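Please read the structure below before turning to the comments.
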């Protein structure tokens, strides 16, 4: 696929996520997708997952623990099989009402028309603080 097609695939993935259509989002991923966030103590959705089923569990856990108040992709950068997305979000932790606000960088790897890897870079200290 071209860089343009890779970018379109990732843009569509965000659209399905924001629409709450997690089954469609999961279909854009390979069966053995790698999904990685920083390891954060006491944050159940943090860390690395392997496989579409484990990523589905990630989204289920995320939805059970926090609500998105704002989620904005600001820039898409596609080069080769990578698509980097820079953005900003605000989440609210359901258990205590605390908010997490910050910028993020998401790095997607795309092969054969599917997302094969995702790596999130974020302010993990802010997330840890909100879950204390």
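Since every read-out is calculated from the coordinates, none of them should be taken as a lab result. Remember, it's a predicted structure, so these values are computed and weren't measured experimentally. With ideal geometry, Cβ positions are generated from the backbone for all residues, glycine too; neighbour counts draw on all protein chains shown.
Spin-label model, residue 41/residue 103: points 7 Å from Cα along the beta carbon direction are separated by 2.8 nm.
If R0 is 35 Å, the Cβ-Cβ spacing of residue 1 and residue 70 corresponds to a FRET efficiency of close to 0.70. Against the main long axis of the alpha-carbon atoms of the chain, helix 3-18 sits at an angle near 30°. Structural descriptor for the chain: relative contact order 26 percent, calculated from alpha carbon pairs under 8 angstrom and at least 6 residues apart. Say a paramagnetic label sat at a point 7 Å from the Cα of residue 121, along Cα to Cβ; which residues of region 1-43 have their backbone N under 18 Å from it? In region 1-43, the label zone of residue 121 (backbone N under 18 Å from the point 7 Å along Cα→Cβ) covers 35-40. Shape of region 44-116 from its Cα gyration tensor (a ≥ b ≥ c, root eigenvalues): rounded if a/c is under 1.5, otherwise prolate when a/b > b/c, or oblate? Here region 44-116 falls in the oblate category. Largest first, the extents of the alpha carbon coordinates of region 3-130 on the three principal axes equal 41, 28, 25 Å. Computed extension length for residue 94-residue 32: 19.3 nm, one decimal, from 0.36 nm per residue of separation with the Cα-Cα distance subtracted. Between the alpha-carbon centres of region 4-44 and region 70-128 there is a gap of 10 Å. Counting only DSSP beta bridges with both residues in region 3-130, the antiparallel share comes to about 90 percent.
Calculated mean residue ellipticity at 222 nm for the chain: -10000 deg cm²/dmol, from DSSP H runs with n ≥ 4 weighted as -39500 (n - 2.57), summed, divided by the residue count and rounded to 500. Computed from Cα atoms, the angle from the helix 52-65 axis to the main principal axis of the chain rounds to 30 degrees.
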